[in-house]
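Taking it in order: structure first as structure tokens, then the write-up.
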């Protein structure tokens, strides 16, 4: 008995609507929130500390879970933000004519998640 070739052809059709509901759901908020706290803890350890009395820049990182969503291409994702409202935050992160950029928050963010990497110039 000759055996004929059998081909099974499968076609994947992505369900963008279901993915959108999942990527912006409360279920996704918890791991994203935990990653935000991981970034905050790393930033606290690598941020410079002054010798004087507080409040210290390194102790003022906060996780904001009410940030909402961000659209990346056609797709939305739930996000949290890690912020530092200390007056030294912008010069330390981005630099200016008096301070070389140290990128503590950027470096901390690059150590967490699937896009781990290094900051250019570090």
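The values are calculated or read from the model by the stated rules, or taken from the named source; none is laboratory data. Just so it is clear, the model here is predicted, and its values are computed rather than measured. Here the Cβ positions follow ideal geometry from the backbone for every residue, glycine too, while neighbour counts run over all protein chains shown.
Scanning the stretch 41-55 for residues that are touching a residue at least 12 places away in the same chain (Cβ under 8 Å) and assigned to a loop (DSSP other than H, G, I, E, B) turns up 47, 48, 55.
Scoring residue 73 on the criteria (1) closer than 30 Å to residue 14 by Cβ; (2) modelled with pLDDT of 85 or more leaves a single failure, condition (2). Residues of the stretch 19-75 that are out of contact with any strand residue (DSSP E or B) (no Cβ under 9 Å at 6 or more places or on another chain) and farther than 25 Å from residue 102 by Cβ: 21, 22, 27, 30, 31, 34, 72, 73, 74, 75.
Could you list, in sequence order, all residues of the stretch 1-40 that are free of Cβ contacts under 8 Å to residues at least 12 places away in the same chain and either surrounded by 15 or more Cβ atoms within 10 Å (Cβ to Cβ) or not in a loop (DSSP other than H, G, I, E, B) (or both)?
Within the stretch 1-40, the first condition is being free of Cβ contacts under 8 Å to residues at least 12 places away in the same chain, and the residues that meet it are 1-15, 17-18, 21-22, 26-27, 30-31, 34.
Hits for the stretch 1-40 are 17, 18, 21, 22, 26, 27, 30, 31, 34.
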